[in-house]
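See below for the structure under consideration.
Since every read-out is calculated from the coordinates, none of them should be taken as a lab result. Computed from a predicted structure; not experimentally measured. When we count neighbours, we look across all protein chains shown, and the Cβ atoms used for this are built from the backbone with ideal geometry, even at glycine.
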Amino acid sequence: MFTDDVLKVIEPRFVSAQLAYAWYQSLPLPGFGGRTAMQLVAEDRTREVLEYLDAVDAGVYA
């Protein structure tokens, strides 16, 4: 699992692929020590990013 896996999940949430990528590279995710999704993927933690997105969809971070 890599960048493409995460982008495939998040792109429908944004108006454009560029905005999705901006989120991916710049927004720190809660509970991950200030790391962005991009940083987590680089640390081989893609599964954790996808689980975070599933939790968001389930309303955990609403």
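What the table below lists for this structure:
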{"item": "Karplus (6.51, -1.76, 1.60) ³J(HN,Hα), θ = phi - 60°, over the stretch 18-27, in Hz, Gly and Pro reported as x", "result": "5, 5, 4, 5, 4, 4, 4, 8, 10, 8"}
{"item": "Packing-based order for 17-29, 38-50, using average beta carbon neighbours within 10 Å, highest first", "result": "38-50, 17-29"}
{"item": "Ellipsoid equivalent to the chain - semi-axes via the Cα gyration tensor, in Å", "result": "15, 14, 11"}
{"item": "Unit charges on C-beta of K, R, D, E only; dipole of the chain, Debye", "result": "160"}
{"item": "The chain - percent relative contact order, Cα under 8 Å, separation 6 or more", "result": "28"}
